[in-house]
Amino acid sequence: MGFDYCFACGKDNPHGLHMHFERDGDGVVCHFRTEAHHIGWPNVQHGGITCTLLDEASAYVPFLMGLVTVTAELNISFKKPIHVGEQLRVWAKPTKVSSRLLLVEAGVEGEDGEVKATSTAKMMVLSADKQKQLGMEGLET
Ligand SMILES: CCCCCCCCCCCCCCCC(=O)SCCNC(=O)CCNC(=O)[C@H](O)C(C)(C)COP(=O)(O)OP(=O)(O)OC[C@H]1O[C@@H](n2cnc3c(N)ncnc32)[C@H](O)[C@@H]1OP(=O)(O)O
């Protein structure tokens with residue numbers, strides 16, 4: 001299984017979130033609608049889904065720079081509940097880039113711009129050897 005089965009963005013994963021990113025300056029943006037099957041508490045989007053939105057956006061920043069990374073750390077603030085039917089804007093942008101580590105800020109906003117959640121992530125750049133060690137052989141960007 002390749003990129004197309006990514007839980008967050010893979011178009012062929014029937015259980016996935018089907019996120020689609022576009023470049024936005026040096027960052028990325030994605031629009032996402034919360035559905036009934038994304039809830040934890042009744043009518044409220046599960047926090048794990050919110051984490052996934054932020055994690056994936058954070059991973060797309062280096063990916064679109066041609067870098068293969070994994071998330072080493074992800075710190076999230078959940079600021080407002082997200083309800084079923086809400087249309088969200090998910091964004092991410094780099095705040096520090098080095099050859100081994102990227103710091104990425106990300107956020108989830110409602111249609112009216114209300115901040116729902118924010119995060120900071122450390123994305124570790126993987127060498128070809130490290131990709132092999134982690135069983136990620138065959139990734140090309
Ligand atoms: C074709 C078109 C389709 C498009 C299609 C696109 C597909 C686009 C798919 C995207 C998909 C993304 C998916 C979401 C992104 C995930 O969710 S990735 C999955 C979740 N993350 C993981 O599984 C990572 C698991 N952790 C690890 O593998 C390892 O801990 C790491 C992060 C690689 C570090 O490896 P390690 O062997 O522990 O590293 P180690 O040798 O100990 O340390 C190396 C250096 O890194 C530093 N370091 C290690 N951890 C940290 C840390 N947390 N903070 C700071 N420094 C650290 C160490 O201090 C060390 O520094 P030096 O001493 O060398 O100066």
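Observations
- Extended-chain gain in nm, criterion 0.36 nm per residue less alpha-carbon gap, residue 103 and residue 11: 30.4 nm
- With a simple spin-label model that places each label point 7 Å from the Cα along the Cα-to-Cβ direction, the separation between residue 86 and residue 37 comes to 2.1 nm.
- Across segment 21-64, Cα pairs under 8 Å and at least six residues apart give a relative contact order of 37 percent.
- Of the residues 36, 16, 46, the one whose Cα sits farthest toward the positive end of the charge dipole of the chain, with +1 on the Cβ of Lys and Arg and -1 on the Cβ of Asp and Glu, is 46.
- Angle in degrees between helix 47-63 and the longest Cα principal axis of the chain, rounded to the nearest 10: 40
- The modelled label-to-label distance between residue 95 and residue 73, using points 7 Å beyond Cα along the C-beta direction, is 1.1 nm.
- The dipole here belongs to segment 27-133: it is taken about the Cα centre, uses +1 on the Cβ of Lys and Arg and -1 on the Cβ of Asp and Glu, and is about 400 debye.
- Computed log₁₀ I(q)/I(0) - Debye formula, equal Cα scatterers, no solvent, segment 27-133, q 0.11 Å⁻¹: -0.35
- The label-point distance for residue 111 and residue 4, in a model that sets each label 7 Å from Cα toward Cβ, rounds to 3.3 nm.
- Proximal lysines relative to residue 122, as straight alpha-carbon distance under 18 Å, when same-chain residues fewer than 8 apart are discounted: 93, 96, 130
- The chain, relative contact order in percent, only Cα pairs under 8 angstrom and at least six apart counted: 22
- Based on Cα contacts under 8 Å between residues 6+ apart, segment 95-140 shows a relative contact order of 31 percent.
Just so you know, all these numbers are worked out from the coordinates, no wet-lab data involved. The shown structure was predicted, so the numbers you read here are calculated from the model rather than taken from an experiment. Don't worry about glycine lacking a Cβ; one is built from the backbone with ideal geometry, like all the others, and counts go over all protein chains shown.
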